[in-house]
């Protein structure tokens, strides 16, 4: 993470440019961090997204800072990061985190009309495949309250840090433990809403929910 | 997430200002997203951090974009976000994510000398309590390669979205399932490095690793 060039060469952290790996990283997540500039100051905010082909669809509200920044034509930067574990090396210096991260730079486009509706549907169906066909259609009010922003995946890069610690040769004789602590965002068993009517079973598409 | 003010009032998503909640959110994480401005464009990058009292210590390299931005006096914005689950409502509009998020705005200070050393130690000990006393001391070269940046928690806010879906009254008669899918970043069993010497046991502080 934010490592210097020397470290990028030394450690199993590497820049990745193949688009399939970038798509995989994006498709595994649904929360991104979006940065924009407001009065010359940076602002970073988490929001929901879904990748669609060679774009990201950001989901927000018409009143959000992100939407306002995009509306005034400001560039944005987006990061999606998966934490895969702690790298417990024999020195503090070689200890770090295993992660996969995609960073996108560009300009967003606020979708309107049918494009906005399609993007809302896409977001629902990407987050929970199978859900869309069961839901009622959004109301005019809901459509107006929500914003979808399309960002092309043109200026996009990824970094992947994986594998065991890469300790200095001189540290290998150390008496202390080294290795990794794997980490993963896991979904637990779905919890029914307190006001769920009796007799409504958990749908197959949530049993279990996996990404 | 990035919701409009109406939604903030309606949904169980709320702005949180008490510092203990903010500390809890920060202490549960170790990866943040830092935004800075470079040539009038926003850049967002993940990096490691550890909270110390009323500051965040960012960990990076002397050559990283974050460190360069802080060195030239640019303001930064930092977000720490925990995804706690999917909110599966009876409409797309009321569906969202449960999350806890802290956003910090301010200027960083690059730590030097003993302050830098202390911050490196703090980061190691915060990420893996118990580890520091077992590690060798960092070398001069390692100390020079690494940067620690102190950011005061002065302009800091948090948002917490929790609990079951808050569906429209008119949707409660729906035949479809509603509820939440809890999510959590969990640590798996530690995996020894392939070059770990025989007879070195997993230390108590990693058995199990919990945050």
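The values are calculated or read from the model by the stated rules, or taken from the named source; none is laboratory data. What you see is a predicted model; the values in this text were computed from it and never measured. Cβ: placed from backbone, ideal geometry, glycine included. Neighbour counts: every protein chain shown.
Within region B:115-129, can one find any residue that is free of Cβ contacts under 8 Å to residues at least 24 places away in the same chain and at the interface with chain A (Cβ under 9 Å from one of its Cβ atoms)? Looking through region B:115-129, at least one residue is free of Cβ contacts under 8 Å to residues at least 24 places away in the same chain and at the interface with chain A (Cβ under 9 Å from one of its Cβ atoms).
Which ranges mark the strands (runs of 3 or more DSSP E) fully within region B:20-100 that have 3 or more residues being over 28 Å from residue B:117 (Cβ atoms) and under 15 Å from the mean Cα position of the chain (by Cα)?
Numbers: elements: B:31-38, B:41-52, B:55-61, B:76-88.
Ranges flagged: B:76-88.
Going by the structure shown, is residue A:180 facing chain B (nearest Cβ under 9 Å), outside any loop (DSSP other than H, G, I, E, B) and surrounded by 19 or more Cβ atoms within 10 Å (Cβ to Cβ)?
Values: facing chain B (nearest Cβ under 9 Å): yes; outside any loop (DSSP other than H, G, I, E, B): yes; surrounded by 19 or more Cβ atoms within 10 Å (Cβ to Cβ): yes.
Yes: the conditions hold for residue A:180.
Pick from A:170, A:108: which is at negative phi and surrounded by 21 or more Cβ atoms within 10 Å (Cβ to Cβ)?
Details: A:170 fails: surrounded by 21 or more Cβ atoms within 10 Å (Cβ to Cβ).
Step by step, each of A:170, A:108 is checked, and only A:108 is at negative phi and surrounded by 21 or more Cβ atoms within 10 Å (Cβ to Cβ).
For region A:134-147, state whether one or more residues are at pLDDT 95 or above and within 19 Å of the chain's Cα centre (by Cα). Looking for residues that are at pLDDT 95 or above and within 19 Å of the chain's Cα centre (by Cα), one finds at least one in region A:134-147, hence yes.
Among the residues of region A:183-198, is any buried (at least 19 other Cβ atoms within 10 Å of the Cβ) and within 30 Å of residue B:134 (Cα to Cα)? Yes, region A:183-198 contains a residue that is buried (at least 19 other Cβ atoms within 10 Å of the Cβ) and within 30 Å of residue B:134 (Cα to Cα). For region A:132-142, the criterion of being more than 9 Å from every other protein chain (Cβ to nearest Cβ), surrounded by fewer than 16 Cβ atoms within 10 Å (Cβ to Cβ) and assigned to a strand (DSSP E or B) is met by no residue.
All conditions but one from (1) at the interface with another protein chain (Cβ under 7 Å from one of its Cβ atoms); (2) farther than 30 Å from residue B:172 by Cα; (3) surrounded by fewer than 23 Cβ atoms within 10 Å (Cβ to Cβ); (4) in contact with a strand residue (DSSP E or B) (Cβ under 6 Å, 6 or more places away or on another chain) apply to residue B:63; the one that does not is (4).
Answer with yes or no whether residue A:151 is more than 7 Å from chain B (Cβ to nearest Cβ), in a strand (DSSP E or B) and more than 25 Å from residue A:120 (Cβ to Cβ).
Values: more than 7 Å from chain B (Cβ to nearest Cβ): yes; in a strand (DSSP E or B): yes; more than 25 Å from residue A:120 (Cβ to Cβ): no.
Here the answer is no, as residue A:151 does not meet what is asked.
For the condition at pLDDT 95 or above, buried (at least 19 other Cβ atoms within 10 Å of the Cβ) and more than 22 Å from residue B:60 (Cα to Cα), what is the one hit in B:79, B:119, B:97? Result: B:97 is the single residue among B:79, B:119, B:97 that is at pLDDT 95 or above, buried (at least 19 other Cβ atoms within 10 Å of the Cβ) and more than 22 Å from residue B:60 (Cα to Cα). No other residue among B:165, B:208 is in a loop (DSSP other than H, G, I, E, B), at the interface with chain A (Cβ under 10 Å from one of its Cβ atoms) and under 23 Å from residue B:14 (Cα atoms) apart from B:165.
Residues that are within 14 Å of residue B:35 (Cβ to Cβ) and at pLDDT 95 or above: does region A:4-25 have at least one?
Looking only at region A:4-25, we keep the residues that are within 14 Å of residue B:35 (Cβ to Cβ), and these are none.
So far as region A:4-25 goes, no, none of its residues is within 14 Å of residue B:35 (Cβ to Cβ) and at pLDDT 95 or above.
When you look at residue A:175, is it in a loop (DSSP other than H, G, I, E, B) and in contact (Cβ under 8 Å) with a residue 12 or more places away in the chain, yes or no? Steps first, please.
Values: in a loop (DSSP other than H, G, I, E, B): yes; in contact (Cβ under 8 Å) with a residue 12 or more places away in the chain: no.
No; evaluated as a whole, the condition is false for this residue.
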